[in-house]
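Enquirer: Here it is: the structure, laid out below.
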Amino acid sequence: MNALSREILPAMLAGRLTDEQKQTVLEAPRGQRVATVAAALGLTEPDALALVAQATGLDVASDIRPDRAALGLTPARLVHDYQVVPILEPGAGPAAEADDDLKPATEDSKQELHLATAWPPDAVMLDWVRTFTPRPLRWHLALPDRVHQLIIEHYGVGSGSLEDSSEDFAPVQNPQGADETVDEDAAVVRFVSDVISQAIADAATDIHFEPQEGQLRIRYRVDGLLVPVPLPENLLRFQDAIISRLKIMARLNISERRLPQDGRINFKTIGSALDIRVSTIPTIYAESVSLRLLNQKKEAFTMDRLGMNAEEQAMIIRVLDYPHGIILVTGPTGSGKSTSLNAFLRQINSPDLRIVTIEDPIEYEVPGVNQMQVRPEIGLTFAGALRHVLRQDPDVIMVGEIRDLDTAEIAIRASLTGHLVFSTIHTNDAAGAYTRLVDMGVEPFLVASAIELVIAQRLVRRLCTACARPQPVNRIKLRDTLAIFGLDPAGADSINELMAPVGCDRCRNSGYRGRIGIFEILRPNDELHDLILKRESARVLTKCARDHGMLTLQHSGWEKVKAGYTTLEELLRVITVTEK
């Protein structure tokens, strides 16, 4: 503990923390100390930061913008280790009196370097920053998340790990006091860890390492969209080492660069344990590596959190109480089908039911449920596993996906012999599930008899609750959009305004944060049963279902738009016109 830290804590907290809590604060990484203080005192982070500012005399800069001209004055590694970033001088407002050790020089004040930091600088930090710039310093406190965001945007993810050893930059002493040397192997290891950790923080589902001409591009998939990752300028130099590191972590053959390979990584970080599926393919420049992130500890969804309204939930719960039959969830890859099935399992899970699942991969752990991972490489396929599960006296079976005729026939026969079966299938709409199974080779009478419910779903981005604002609508344009969706254009006549995205720090200026489901629920009836037996097309089945009250994906999405959860632009992105 340095001298400045010993001075700051008593003045800041005035006996409000125990000695143990004080020690916890000082042992936390600099970017997490304000959050640690907030948790200990039961405050919000802004209130805890104001408390720190009051004790040190530093001002809190609420709206900080990077000083692009000064970014090169502070090495990336120092910026990452100490969570500090050069900023433009904040707007007008009286600056608080600073502690003597923190006061900037008064002469040449126009040349002052303004720095935002997540925690007041200590003596070591001050010495290091002064090593790299002769300009007088003026310090400001800012929310840790905002400081970290600016560092990532302007220095790049993992830039502190790949600081060139050839630069005139001595090893930085980290906040814990240990000297670190810039070794290329260690730098690559740390960089890969930084990229994965940042993906977790951004709630990404996939990471793509894509070698291009003259660059290594890295992208995250966040809320269903690919997002470029800001990267350090010297990344290309480490490209081969980064790809080799990923292959070593996934236990792949690093000398084999001509054939695709698949593997997995068990990655643990604070609060997260990930099962990462790794896939490599050879490209013209180098191997492209894709990582699918499966968080083993992520919170499972209930039907409320999926976005289902009360009527949709009631319809599904009614069928969940059936002793046998098949419930299918359809949609493209990444539409949340497995998440919905797990929500259904949690809804019916009880001590008097034996539930067995067959999954690839196991995305959620459900207490009390027997979950099996398929392993095609050793012959354990969906169909093979399902045959064995039927000998285990199950009441409910969940099959991760129906991919072939063998799995489809076993699942259907299981439902007809007294089992409730959940599964997924890749079709664009609910009615398409029937025609897809018939196309696989399943007899139409079996399909019509077994399936009790089909749910088609999509995920649309949810408007950020912190910045979304109501906006007047253009009724003519709105009527045209509703007509495109196959909805009644008259629905626009009563709409004066709809919520629109704005963008803020919390949503990374996208206007959206998280996703919500839209659903099309099909309950078969006698007329639909007869049409299935006649092998009618999905379009005919859909028309029949709509005539009997089925609400389409478009209608479900429009209800979410009116409720302020998402936007029409999102629906147009997710639902194609051909699906009406």
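Enquirer: Find all pairs meeting these conditions: Cβ atoms under 9 angstrom apart; at least six residues apart or on different chains; first residue within segment 134-151 and more than 18 Å from V34 (Cα to Cα); second residue in a strand (DSSP E or B) and open to solvent by less than 10 Å² (accessible area, probe 1.4 Å).
Expert: R135/L113; P136/L113; L137/L113; L137/L115; R138/L113; R138/L115
Enquirer: Continuing with this model, one more query. Which of (1) out of contact with any helix residue (DSSP H, G or I) (no Cβ under 7 Å at 6 or more places or on another chain); (2) touching a residue at least 12 places away in the same chain (Cβ under 8 Å); (3) more than 25 Å from R221 (Cβ to Cβ) is the odd one out, the single condition S338 does not satisfy?
Expert: If we test S338 against (1) out of contact with any helix residue (DSSP H, G or I) (no Cβ under 7 Å at 6 or more places or on another chain); (2) touching a residue at least 12 places away in the same chain (Cβ under 8 Å); (3) more than 25 Å from R221 (Cβ to Cβ), just (3) comes out false.
Enquirer: Within segment 326-335, is there a residue that is assigned to a helix (DSSP H, G or I), in contact with a strand residue (DSSP E or B) (Cβ under 7 Å, 6 or more places away or on another chain), in contact (Cβ under 8 Å) with a residue 24 or more places away in the chain and among the aliphatic types (A, V, I, L, M)?
Expert: no
Enquirer: Filter segment 523-541 down to the residues that are open to solvent by 20 Å² or more (accessible area, probe 1.4 Å) and within 36 Å of the chain's Cα centre (by Cα) and list them by number.
Expert: Selection gives R523, P524, A538, R539.
Enquirer: Given the criterion more than 33 Å from the chain's Cα centre (by Cα) and basic (K, R), identify the matching residue among R403, R469, R479. Step through it out loud before you land on a result.
Expert: Details: R403 fails: more than 33 Å from the chain's Cα centre (by Cα); R469 fails: more than 33 Å from the chain's Cα centre (by Cα).
The match here is R479.
Enquirer: Continuing with the same structure: From Q198, Q239, Q215, Q261, which residue is among the polar types (S, T, N, Q) and open to solvent by 40 Å² or more (accessible area, probe 1.4 Å)?
Expert: Working: Q198 fails: open to solvent by 40 Å² or more (accessible area, probe 1.4 Å); Q239 fails: open to solvent by 40 Å² or more (accessible area, probe 1.4 Å); Q261 fails: open to solvent by 40 Å² or more (accessible area, probe 1.4 Å).
Step by step, each of Q198, Q239, Q215, Q261 is checked, and only Q215 is among the polar types (S, T, N, Q) and open to solvent by 40 Å² or more (accessible area, probe 1.4 Å).
Enquirer: Right, here's the next one. Kindly evaluate I355 against the criterion of being in contact (Cβ under 8 Å) with a residue 40 or more places away in the chain, β-branched (V, I, T) and crowded, with 20+ Cβ neighbours inside 10 Å.
Expert: yes
Enquirer: Okay, next question. Considering only segment 122-155, how many residues are under 15 Å from E112 (Cα atoms), of a type outside the set (A, V, I, L, M) and open to solvent by less than 30 Å² (accessible area, probe 1.4 Å)?
Expert: Here the count works out to 4.
Enquirer: Could you look through segment 308-335, keep only residues that are closer than 28 Å to R277 by Cα and surrounded by 21 or more Cβ atoms within 10 Å (Cβ to Cβ), and pick out the one that is nearest to the chain's Cα centre (by Cα)? Steps first, answer last, please.
Expert: Taking segment 308-335 first, the residues closer than 28 Å to R277 by Cα are 327-335.
Cutting the leftovers down to surrounded by 21 or more Cβ atoms within 10 Å (Cβ to Cβ) gives us 327-331, 335.
Working: I327: 27, L328: 25, V329: 22, T330: 22, G331: 19, S335: 13 Å.
If we take residues in segment 308-335 being closer than 28 Å to R277 by Cα and surrounded by 21 or more Cβ atoms within 10 Å (Cβ to Cβ), then S335 is nearest to the chain's Cα centre (by Cα).
Enquirer: For M308, state whether it is over 23 Å from A385 (Cβ atoms), in contact with a Phe, Trp or Tyr (Cβ under 8 Å, 6 or more places away or on another chain) and touching a residue at least 60 places away in the same chain (Cβ under 8 Å). Steps first, answer last, please.
Expert: Working: over 23 Å from A385 (Cβ atoms): yes; in contact with a Phe, Trp or Tyr (Cβ under 8 Å, 6 or more places away or on another chain): yes; touching a residue at least 60 places away in the same chain (Cβ under 8 Å): yes.
Yes: the conditions hold for M308.
Enquirer: Considering only residues that are touching a residue at least 40 places away in the same chain (Cβ under 8 Å) and open to solvent by less than 60 Å² (accessible area, probe 1.4 Å), which ones fall in segment 46-57? Give the derivation first.
Expert: Taking segment 46-57 as the starting set, the residues that turn out to be touching a residue at least 40 places away in the same chain (Cβ under 8 Å) are 46, 49, 52-57.
Residues satisfying the conditions are L49, V52, A53, A55, T56, G57.
Enquirer: Can you tell me how many residues in segment 453-480 are closer than 23 Å to N428 by Cβ and β-branched (V, I, T)?
Expert: So the answer is 3.
Enquirer: Oh, and also: Could you tell me whether any residue of segment 291-301 is at pLDDT 95 or above, closer than 21 Å to T339 by Cβ, within 15 Å of the chain's Cα centre (by Cα) and among the aliphatic types (A, V, I, L, M)?
Expert: At the first step, the residues of segment 291-301 found to be at pLDDT 95 or above are 291.
Retained after the next criterion (residues that are closer than 21 Å to T339 by Cβ): 291.
Add one more test, that the residue is within 15 Å of the chain's Cα centre (by Cα), and what stays is 291.
Filter again for among the aliphatic types (A, V, I, L, M), leaving 291.
Yes, because at least one residue in segment 291-301 is at pLDDT 95 or above, closer than 21 Å to T339 by Cβ, within 15 Å of the chain's Cα centre (by Cα) and among the aliphatic types (A, V, I, L, M).
Enquirer: To continue, here is another question. Suppose we keep only residues that are assigned to a helix (DSSP H, G or I), at pLDDT 80 or above and among the polar types (S, T, N, Q) within segment 1-45. Which one would you say is nearest to L78 (Cα to Cα)?
Expert: Checked segment 1-45; the qualifying residue nearest to L78 (Cα to Cα) is Q32.
Enquirer: Within segment 181-192, is even one residue under 16 Å from the mean Cα position of the chain (by Cα) and either modelled with pLDDT of 85 or more or more than 25 Å from R375 (Cα to Cα) (or both)? Talk me through it step by step, then tell me what you get.
Expert: Taking segment 181-192 as the starting set, the residues that turn out to be under 16 Å from the mean Cα position of the chain (by Cα) are none.
No: zero hits.
The values are calculated or read from the model by the stated rules, or taken from the named source; none is laboratory data. Since the model is a prediction, treat every value here as computed from it, not as a measurement. Glycine also receives a Cβ, built like all others from the backbone with ideal geometry; neighbour counts cover every protein chain displayed. Calculation scope for accessible area: heavy atoms of the full protein, side chains included, ligands and nucleic acids excluded. Shrake-Rupley method; radii C 1.70, N 1.55, O 1.52, S 1.80 Å.
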